[in-house]
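The values are calculated or read from the model by the stated rules, or taken from the named source; none is laboratory data. Note that the structure is predicted; figures quoted are calculated from it, not measured. Cβ placement follows ideal geometry from the backbone for every residue including glycine, while neighbour counts extend to all protein chains displayed. What goes into the accessible areas is simple: the full protein's heavy atoms, side chains included, and nothing from ligands, DNA or RNA. Shrake-Rupley method; radii C 1.70, N 1.55, O 1.52, S 1.80 Å.
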Amino acid sequence: MFGFPFMPGLLEAKNALILGVANRWSLAYAIAEAFRREGALLTLTYQGERQRQAVENLAGELGKARVLACDVTQPDDLERLGQVLARDGRPLDAVVHSIAFAQREDLARPFVETSEAGFLLAHRVSAYSLVAVSRIAAPLMTQGGSIITLTYLGATRVVPNYNVMGVAKASLEACMRYLASELGPRGIRVNAISAGPVKTASARAIKDFSAVLDTVAERAPLRRNTEPGEIADVAVFLASNLGRGVTGNILFVDAGYQIMGL
Ligand code: NAP
């Protein structure tokens, strides 16, 4: 007679913006799936016309996900994105920044050979974009909110061939901390998930990436690689009320690899 009470999802009716879905292997897609499972309303963005159809198809599979164009290096795109979200008339609760880029040759040759243009491009797309996205998102987070970015161990340790991307991730992590400090008084939390290596389009650009996967599976405390769903569930935690006391943090979701010395 007395059934179980209705259990709402952890993100029921939360309004979430997810940047960085390129295909179904993208970490952002795993996060979008987990956010939908928990009841979030989603806006996904794609970088250029080339990706539009693919991202619209994925949004269709997720159900109730809106798709908008946004190249994070284009201030006009960001402004337009902010305007569309503002017209919703409801607060923005969560942002997932799952974006990075470096020239393929900078992920294969010696770091000392990195060109100034390659260095700046990697930092612009992979680190500065968190600042630019936060600037449009924060005014829409009128009830507080959660901004989440994706980083990697290569920010603080030398990982072969990660090169300029490691330096950009170090910048991204510092940006995350400054944003957390500045936006905290408005109830906006900013955190990073440091994901273990996962085979995605971006990861494939790194020379000898499969050797990184093999090393982690062999040496990580859990003796395996990281599943995208594990990263997504930590993003759910950070976006939800369960994460309300956590800001300015880097949460490692890497089967424990980061604690190992050798
Ligand atoms: P992914 O599927 O290739 O995602 C990277 C995304 O960045 C793509 O959607 C890409 O769009 C987007 N992007 C690049 N330049 C952009 C721009 N100017 N404007 C808008 N979007 C842009 O690879 P992923 O592995 O899921 O990467 C997501 C995040 O996780 C990245 O920050 C990455 O560094 C981080 N991460 C990945 C791993 C891993 O092993 N996979 C580990 C730790 C951290 P297009 O494809 O359309 O260019």
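Amide H to amide H, with H built 1.01 Å from N, Thr142 comes under 5 Å of Leu92, counting only residues 5 or more places away or on other chains. Adding -39500 (n - 2.57) for every DSSP H run of four residues or longer, then dividing by how many residues the chain holds, sets the calculated 222 nm ellipticity at -12000 deg cm²/dmol.
With K and R counted +1 and D and E -1, the other residues having a Cβ less than 15 Å from that of Ala132 yield a net charge of -2.
Taking packing as the residue-averaged number of other Cβ atoms within 10 angstrom, the listed peptides 125-132, 181-188, 136-143 run from highest to lowest as 125-132, 136-143, 181-188. Diagonalising the gyration tensor over the Cα atoms of the range 21-143 and scaling each eigenvalue by 5 before taking the square root yields semi-axes of 28, 18, 13 Å, largest first. Sites listed here are chymotrypsin sites (Phe, Trp or Tyr not before Pro) in the range 1-92 whose DSSP assignment is loop and whose Cβ has at most 14 other Cβ atoms within 10 Å: Phe2, Phe6.
Using a Förster radius of 41 Å, what is the FRET efficiency between Gln83 and Leu262 based on their Cβ-Cβ separation? Nearest 0.05, please. Mind dumping the intermediate values first?
On the way: r = 52 Å, r/R0 = 1.26.
The formula returns an efficiency of 0.20 here.
Remark on the chain: hydrodynamic radius 18.7 angstrom, per the Kirkwood mean of 1/r across alpha carbon pairs.
Of the solvent-accessible surface of the range 15-255, computed with a 1.4 Å probe over protein heavy atoms with every protein chain present, carbon and sulfur atoms account for 52 percent. The range 183-262 and the range 12-80 have Cα centres separated by 20 Å. The residue among Gln143, Tyr162, Thr43 whose Cα reaches farthest toward the positive pole of the charge dipole of the range 15-255, with charges on the beta-carbon of Lys, Arg, Asp and Glu, is Gln143.
Modelled label positions at Leu242 and Ala170, each set 7 Å beyond Cα in the direction of Cβ, lie 3.4 nm from each other. Excluding same-chain neighbours fewer than eight residues apart, the lysines reachable from Lys207 by a Cα-Cα span under 21 Å are Lys169, Lys199.
Would you mind classifying the range 19-82 by shape? Square roots of the alpha carbon gyration tensor eigenvalues, ordered a ≥ b ≥ c; an a/c under 1.5 is rounded, otherwise it is prolate if a/b is larger than b/c and oblate if not.
On the way: a/c = 1.96, a/b = 1.54, b/c = 1.27.
Since a/c reaches 1.5 and a/b is larger than b/c, the shape of the range 19-82 is classed as prolate.
Looking at the range 1-81, the trypsin sites (Lys or Arg not before Pro) that sit in a DSSP loop and have at most 15 other Cβ atoms within 10 Å of their own Cβ are Arg24, Lys64.
Find how much the distance from Ala108 to Thr73 grows on full extension, using 0.36 nm per residue of separation minus their present alpha carbon separation; answer in nm with one decimal.
On the way: separation 35, 0.36 × 35 = 12.60 nm, distance 2.39 nm.
Length gained, Ala108 through Thr73: 10.2 nm.
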